[in-house]
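Report on one structure; see the data block that follows.
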Amino acid sequence: MRKIPGSTGEARKAVGFKGVDSLCPYCGVGCALTYRVDSEQRRILDVSGRDGAANSGRLCVKGRYGYDYAMHAQRLTKPLIRREDSYPKTALSADVKGERGGKRKPGGIVDYDDVMPHFREASWEEALELVGRKLGEIRDTHGGDSLAGFGSAKGSNEEAYLFQKLVRTGFRTNNVDHCTRLCHASSVAALLEGVGSGAVTNVVRDIENADTALLAGCNPTENHPVAATFIKEAAEKGTKLVIVNTRRPRLADHAAIYLQIHPGTDVALFNGMMHVLIKEDLIDHEFIDNRTEGFDEIRETVEEYSPEVVANLCGVDKDDLIEAARLLSADRRSMFFWGMGISQHTHGTDNSRCIIAMAMITGNVGKPGTGLHPLRGQNNVQGASDAGLIPMVYPDYQPVNDPEIQKKFEAYWKTELSPNPGLTVTEIMSGALDGSIKGMYVQGENPFVSDPDTNKVRKGLMALDFLVVQDIFMTETAEFADVILPGSSFMEKLGTYTNTDRRVQIGRPALALPGDARQDWELICEIGKRLGADMDYASVSDVFDEFVGCTTEYQNLSHEVLGRDGKWYPCHDPDNSEGERIVFTESFPRPNGKAKLVAARQSPPHEKVDTEYPLVLNTGRMLEHWHTGSMTRRSTALHSISPEAFVEINPNDAVSLHITDGQMVEVRSRRGVIQLKAQLMDRVAEGSVFIPMHFREACANVLTDPAVDPQGKIPSFKYSAVSVAPASDEVRHTGSGN
Ligand SMILES: Nc1nc2c(c(=O)[nH]1)N[C@H]1C(S)=C(S)[C@@H](COP(=O)(O)OP(=O)(O)OC[C@H]3O[C@@H](n4cnc5c(=O)[nH]c(N)nc54)[C@H](O)[C@@H]3O)O[C@H]1N2
Ligand SMILES: Nc1nc2c(c(=O)[nH]1)N[C@H]1C(S)=C(S)[C@@H](COP(=O)(O)OP(=O)(O)OC[C@H]3O[C@@H](n4cnc5c(=O)[nH]c(N)nc54)[C@H](O)[C@@H]3O)O[C@H]1N2
Ligand code: SF4
Ligand SMILES: [Mo]
């Protein structure tokens with residue numbers, strides 16, 4: 001039998017271990033756990049769930065077995081500088097180059113033999129001096145706006161706060177963003193517009209008080225697995241689940257109604273449901289009058305979305321649609337959960353506007369068993385956004401272009417600040433390509449694999465004058481770096497993390513840093529100081545206090561107050577309460593205290609299917625893997641469960657495409673081509689295919705359409721036109737396409 005590192009057998013044999021109360025590093029559920037480590041903190045032996053607010057001792061396979069990435073032999077342990085003879089810069093390994101017929105390496109992680117010879121080890125002083133000097137030269141010659149930074153939602157609140165402060169006060173630009181742009185940016189845009197706050201109103205586990213829960217464009221069994229267990233329990237006790245998805249999620253087995261809609265038709269569906277609610281007078285008139293504005297526009301807009309029209313447009317049964325709407329009627333308590341199937345469209349903001357409107361017209365906000373809950377993804381994407389890793393806002397969503405607020409932060413940080421909102425992730429990549437962005441600092445993100453249209457990203461990264469990457473592994477993005485800094489993994493650091501429920505919890509160091517690797521927060525400060533920023537801190541908890549000092553939402557919190565179990569923000573009375581499980585019970589944080597309802601009309605997808613590219617590509621996740629695979633493909637247990645890339649094809653489509661199960665196929669879009677195995681599955685609808693985003697050797701983003709939503713600036717990861725054919729011998733690889 002294969003041995004899994006850290007299995008209980010090993011732990012039992014070990015002598016002298018200790019327990020470290022911390023968190024799972026993966027998803028936004030934010031499960032609390034205890035790491036059992038040897039007394040020198042070199043190895044984690046075992047993990048057990050602890051009684052956290054979000055998990056009550058439960059863990060999924062990643063929390064339980066996925067920690068071993070931190071102990072992987074390939075951890076970066078020394079600063080690296082690109083060798084002189086490695087210029088001009090290119091991608092280094094064959095599949096990252098996108099070469100046709102290039103080597104195809106199994107195992108799916110950066111091939112260190114290919115890449116490492118292009119770098120030499122350096123001292124910390126040399127590496128940091130070079131980073132400070134190069135970024136400073138670019139800033140002083142071309143202006144602060146020629147620099148940009150991608151911070152991390154895998155890091156702590158403290159790291160995110162420091163990172164945005166470095167970019168704003170050291171780079172002197174607001175060009176700072178992170179993976180929220182690829183994730184819930186459109187949901188947050190709609191929530192800020194409609195409600196005045198981007199965070200969830202009710203915690204996941206409040207579903208136990210709900211009569212109905214709408215789950216749209218999300219797949220909790222794989223992506224928020226412990227939350228899914230509470231959702232299933234509620235369903236067993238009588239909560240009716242209404243599931244809206246294009247690819248049947250496992251939770252559909254527990255649903256009262258599963259609506260398998262055509263991709264990208266959510267606006268029509270939700271408008272159709274609101275049509276029924278209004279026609280059958282299942283709405284909350286008092287709530288609409290007292291707590292919202294804009295209802296007339298909603299009523300007029302949804303008028304034309306009759307169940308007949310919508311059922312036809314969305315490909316669902318008319319009676320199911322009517323029944324689903326009735327389950328959300330105002331005399332029931334309903335919760336509204338949504339995910340990437342809603343947000344990652346060129347009309348992602350419109351999708352969220354409709355969900356917000358449905359919740360409001362049925363009076364389902366501000367009470368137990370109700371509320372808006374965009375399921376947040378990364379372990380700290382809520383916190384990283386709260387801390388200001390967003391180009392248009394300072395910490396706590398305070399607009400950078402409001403002169404009063406700018407003055408306040410100039411006083412707080414004792415420096416001048418740019419009044420111009422910065423560029424977003426996708427705009428920064430375009431800027432790199434057109435030469436307006438010349439220098440970048442990427443900390444804890446892997447945009448080469450996670451951004452849309454890989455071939456464009458490759459050209460952008462290659463065009464940069466200077467790129468510094470701070471990661472724990474050599475990543476596909478780091479292949480383009482001038483300097484690579486070895487940072488600290490979750491298991492080595494102290495910091496706070498805010499989960500999808502707004503619960504702020506402390507992660508504690510379980511392992512010693514490997515080799516010469518250094519704490520991420522210290523490195524951010526080291527670079528900041530070399531660029532003249534005021535970034536001297538004695539401890540992580542001091543950084544947290546400075547962050548709290550410029551927010552309203554985190555008031556009263558400190559490391560001491562958070563203690564072992566954390567608190568929900570806002571927390572008005574930390575001595576006597578856990579913080580707020582439910583917010584907006586009386587009013588909304590908008591100027592007049594009312595929610596704004598914004599009507600939306602169904603719009604066509606940016607890219608159309610045609611005879612050359614007849615199928616719609618849906619991309620997403622699977623239980624065992626994490627995004628770009630840098631962590632989970634280095635985890636023995638997780639990698640052995642799911643070692644290879646695949647494309648799911650409906651069996652009926654497979655017949656007409658002459659494809660059999662397990663056969664190698666070629667998937668092509670207007671941007672590129674990849675090769676991977678076919679898996680015939682009837683959970684994908686005819687006319688659609690699904691590819692997980694985790695496998696660099698068959699990188700889904702070679703295919704994806706980079707068009708963005710106008711408000712959220714989020715790319716269209718859930719809708720690109722592709723063709724599928726049996727693989728030809730010539731293309732063995734992530735090809736360049738054109
Ligand atoms: N195992 C694992 N868990 C993760 C992650 C991971 O990488 N691996 N990542 C984390 C992160 S950052 C995030 S953001 C979350 C994401 O969690 P989810 O939002 O659940 O993410 P996705 O897998 O991208 O799937 C979204 C769902 O939308 C559906 N969908 C696609 N197109 C449409 C459409 O047009 N309409 C509707 N209604 N549905 C559609 C897809 O079929 C899919 O089931 O997961 C987090 N959890
Ligand atoms: N096609 C397609 N593309 C997508 C999506 C999709 O659904 N479809 N989803 C999008 C979404 S929702 C998201 S959130 C993004 C995610 O995109 P990314 O954030 O780029 O993906 P990750 O793989 O999570 O990258 C995390 C990086 O941080 C490193 N890391 C981990 N821990 C630490 C640490 O403590 N310190 C440092 N310094 N580094 C660390 C890891 O090695 C890894 O390189 O992908 C987006 N891309
Ligand atoms: S549900 Fe999320 S936070 Fe909990 S153990 Fe699984 S990956 Fe970790
Ligand atoms: Mo995400």
Exercise. Assuming Phe230 fulfils every condition listed in (1) at pLDDT 95 or above; (2) within 16 Å of ligand 4 (Cβ to nearest atom); (3) surrounded by fewer than 24 Cβ atoms within 10 Å (Cβ to Cβ) apart from one, which condition is it?
Worked result: (2)
Exercise. Checking Glu416 against (1) assigned to a loop (DSSP other than H, G, I, E, B); (2) away from ligand 1 (no atom under 16 Å from the Cβ); (3) touching a strand residue (DSSP E or B) at 6+ places or on another chain (Cβ under 8 Å); (4) among the charged types (D, E, K, R), which single condition isn't satisfied?
Worked result: (3)
Problem set entry | Unique match (being surrounded by 15 or more Cβ atoms within 10 Å (Cβ to Cβ), at pLDDT 95 or above and within 16 Å of ligand 4 (Cβ to nearest atom)) among Lys78, Lys62 | Lys62
Exercise. Counting only residues that are closer than 16 Å to Cys179 by Cβ and in a loop (DSSP other than H, G, I, E, B), how many does region 700-715 have?
Worked result: 5
For this session: Output the residue which, of all residues in region 355-380 that are in contact with a His (Cβ under 7 Å, 6 or more places away or on another chain) and not in a strand (DSSP E or B), is surrounded by the fewest Cβ atoms within 10 Å (Cβ to Cβ).
Result: Leu375
For this session: Kindly indicate whether Ala256 is over 17 Å from Ala359 (Cα atoms) and either within 15 Å of ligand 1 (Cβ to nearest atom) or at pLDDT 95 or above (or both).
Result: yes
Problem set entry | Selected residue (criterion: surrounded by the most Cβ atoms within 10 Å (Cβ to Cβ)) from residues of region 412-440 that are more than 22 Å from the chain's Cα centre (by Cα) and among the β-branched types (Val, Ile, Thr) | Ile437
Exercise. Any residue at all in region 277-298 that is more than 11 Å from ligand 1 (Cβ to nearest atom), over 20 Å from Lys596 (Cα atoms) and surrounded by 22 or more Cβ atoms within 10 Å (Cβ to Cβ)?
Worked result: no
For this session: Out of the residues in region 28-46 that are part of a loop (DSSP other than H, G, I, E, B) and more than 13 Å from ligand 3 (Cβ to nearest atom), state the one that is modelled with the highest pLDDT.
Result: Arg43
Exercise. Hey, does region 443-455 have a residue that's buried (at least 24 other Cβ atoms within 10 Å of the Cβ), more than 20 Å from the chain's Cα centre (by Cα) and under 26 Å from Thr619 (Cα atoms)?
Worked result: no
Exercise. Under 9 Å by Cβ, and 6 or more places apart or on different chains, what pairs join a residue from region 525-539 that is in contact (Cβ under 8 Å) with a residue 12 or more places away in the chain with one that is polar (S, T, N, Q) and surrounded by fewer than 20 Cβ atoms within 10 Å (Cβ to Cβ)?
Worked result: Gly532/Thr415; Ala533/Thr415; Asp534/Thr415
For this session: Pick out the one residue from Pro604, Pro643 that is in a loop (DSSP other than H, G, I, E, B), away from ligand 3 (no atom under 16 Å from the Cβ) and more than 24 Å from Thr221 (Cα to Cα).
Result: Pro604
For this session: Could you pull out every one of the strands (runs of 3 or more DSSP E) wholly within region 462-545 that has 1 or more residues that are hydroxyl-bearing (Ser, Thr, Tyr)?
Result: 495-498
Problem set entry | Residue satisfying all of: in region 27-57; closer than 21 Å to Pro220 by Cα and among the hydrophobic types (A, V, I, L, M, F, W, C); farthest from ligand 2 (Cβ to nearest atom) among these | Ala53
Problem set entry | Boolean, Pro589 is closer than 30 Å to Glu193 by Cα, within 16 Å of ligand 1 (Cβ to nearest atom) and surrounded by fewer than 21 Cβ atoms within 10 Å (Cβ to Cβ) | no
Exercise. Checking Asn650 against (1) crowded, with 18+ Cβ neighbours inside 10 Å; (2) modelled with pLDDT under 95, which test does it fail?
Worked result: (2)
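Listed here are the residues, each with its yes/no results for (1) closer than 25 Å to Arg671 by Cα; (2) crowded, with 20+ Cβ neighbours inside 10 Å; (3) within 14 Å of ligand 2 (Cβ to nearest atom); (4) not basic (Lys, Arg).
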{"residue": "Val609", "(1), (2), (3), (4)": "yes, no, no, yes"}
{"residue": "Glu612", "(1), (2), (3), (4)": "yes, no, no, yes"}
{"residue": "Leu615", "(1), (2), (3), (4)": "yes, yes, no, yes"}
{"residue": "Met622", "(1), (2), (3), (4)": "yes, no, yes, yes"}
{"residue": "Gly629", "(1), (2), (3), (4)": "yes, yes, yes, yes"}
Exercise. Mind checking which residues of region 24-37 are of a type outside the set (Phe, Trp, Tyr), within 16 Å of ligand 1 (Cβ to nearest atom) and within 13 Å of Tyr65 (Cα to Cα)?
Worked result: Cys24, Pro25
Problem set entry | Out of Val200, Val204, Val195, sole residue that is within 22 Å of Pro589 (Cα to Cα) and within 16 Å of ligand 4 (Cβ to nearest atom) | Val200
Problem set entry | Residues (assigned to a strand (DSSP E or B) and over 19 Å from Glu607 (Cα atoms)) located in region 646-673 | Phe646, Val647, Glu648, Ile649, Met664, Val665, Glu666
For this session: Sort through Asp68, Asp95 and tell me the only one that's in a helix (DSSP H, G or I) and at pLDDT below 95.
Result: Asp95
Problem set entry | Filter result (of a type outside the set (D, E, K, R) and closer than 18 Å to Thr611 by Cβ) within region 660-684 | Val667, Ser669, Val673
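Residue by residue, here is whether (1) modelled with pLDDT under 95; (2) assigned to a helix (DSSP H, G or I); (3) of a type in the set (S, T, N, Q); (4) more than 16 Å from ligand 4 (Cβ to nearest atom) holds:
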| position | (1), (2), (3), (4) |
| --- | --- |
| Val131 | no, yes, no, yes |
| Lys134 | no, yes, no, yes |
| Arg139 | no, yes, no, yes |
| Gly155 | no, no, no, no |
| Phe163 | no, yes, no, yes |
| Thr169 | no, yes, yes, yes |
| Asn174 | no, no, yes, yes |
Problem set entry | Residues satisfying the stated conditions in region 141-153, i.e. closer than 23 Å to Arg82 by Cβ, touching a Phe, Trp or Tyr at 6+ places or on another chain (Cβ under 8 Å) and either part of a helix (DSSP H, G or I) or away from ligand 1 (no atom under 15 Å from the Cβ) (or both) | Leu147, Ala148, Gly149
Problem set entry | Subset tally (residues that are part of a helix (DSSP H, G or I) and either more than 23 Å from the chain's Cα centre (by Cα) or near ligand 1 (Cβ under 10 Å from one of its atoms) (or both)) for region 607-636 | 2
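The values are calculated or read from the model by the stated rules, or taken from the named source; none is laboratory data. Computed from a predicted model, the values in this text were never measured in an experiment. For neighbour counting, all protein chains shown are included, and Cβ atoms are generated from backbone atoms with ideal geometry for every residue, glycine included.
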